[in-house]
Amino acid sequence: MILCDTLVSRTMLAAAHQRDGIDERGCRYVLEFLSTAAAIRTALHRELADLDLTELGLGVLVVLYALDPTPSTPADLAAHTGAARSAMTEVIDRLQAREFIRRQRDTTDRRLIYIHLTKAGCAAAETALRRFLETAGRLARHVESQAGETLLAACAQLREGCT
């Protein structure tokens, strides 16, 4: 029985079975991985929703928390979070409205804007980070140590196959 038991996944696996040259077992691995990753992400997003944060909002807070007291530019935040620069403006606006961050224009080059973490933002980052990591740990509690190491190796191999 596969975890991703939907019509789409059943049809894809049946198609893989029927076609020559398709690795049915490999397809099953990837579909299981995608289904599990989606379930994990959903659980983590629920935790963030309770804090009224998005995954990107958490990412921005964590980057600023890690770099504190050094401010960052929106371009730097985009690079550190892997987000598009265009997505950063909306996230920064939302975090600023909640007084988690503040913007400061550079005094010598007015084109540059620096993003600073506020005390409230620092507290929010600590809370969100703790809850996110507690949830991740709770989700992984059923994975035995050896299986976890095997999972890490399998993830590395899957990423290698993506290049």
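Kindly express, to the nearest 10 degrees and within the range 0 to 90, the angle between helix 85-97's C-alpha long axis and the longest C-alpha principal axis of the chain.
60
How charged is the neighbourhood of Pro69? Take every other residue with its Cβ under 13 Å from the Cβ of Pro69, and add Lys/Arg as +1 and Asp/Glu as -1.
Net local charge, Pro69 excluded: +1.
Helix 145-161 sits at what angle to the longest principal axis of the chain, using alpha carbons and giving 0 to 90 degrees rounded to 10?
90
Can you tell which of Ala154, Ala140, Ala128 lies farthest toward the positive end of the dipole of the range 120-163, using +1 and -1 charges on the Cβ of basic and acidic side chains (Lys, Arg; Asp, Glu)?
Farthest along the dipole direction, towards plus: Ala128.
Give me the number: length gained by fully extending Arg105 to Lys119, i.e. 0.36 nm times residue separation minus the C-alpha to C-alpha distance, one decimal in nm.
Here the answer is 3.1 nm.
Mind checking the dipole of the chain: about its Cα centre, +1 per Lys or Arg Cβ, -1 per Asp or Glu Cβ, Debye to the nearest 20?
Here the size comes out at about 400 debye.
Based on the mean of other Cβ atoms within 10 Å per residue, sort peptides 79-89, 103-113 so the most packed one is first.
Order by mean packing, descending: 79-89, 103-113.
Considering only protein heavy atoms and a probe of 1.4 Å, how much of the accessible area of the range 1-108 is carbon and sulfur, as a whole percent?
56
So what is the orientation-averaged projected area of the range 1-99, using the convex hull of its C-alpha atoms, in nm²?
That works out to 9.1 nm².
His17: net charge of surrounding residues, Cβ under 11 Å, Lys/Arg +1, Asp/Glu -1, itself excluded?
Cβ neighbours under 11 Å give a net charge of +1.
Suppose R0 equals 41 Å. What FRET efficiency, 1/(1 + (r/R0)^6) with r the Cβ-Cβ distance, do His142 and Asp68 give to the nearest 0.05?
0.75
Keeping all protein chains in place, calculate the accessible area per residue for the range 3-59 (probe 1.4 angstrom), answer in Å².
Per-residue accessible area for the range 3-59 comes out at 68 Å².
In a shell of Cβ-Cβ distance under 14 Å around Ala97, excluding Ala97 itself, what net charge do Lys and Arg (+1) and Asp and Glu (-1) give?
The answer is 0.
The values are calculated or read from the model by the stated rules, or taken from the named source; none is laboratory data. Because the structure is a prediction, the values reported are computed rather than measured. FYI the Cβ positions are ideal-geometry reconstructions off the backbone, even for glycines, and counts take in every protein chain you see. Remember, those area values only see protein heavy atoms, side chains included, never the ligands or the DNA or RNA. Shrake-Rupley method; radii C 1.70, N 1.55, O 1.52, S 1.80 Å.
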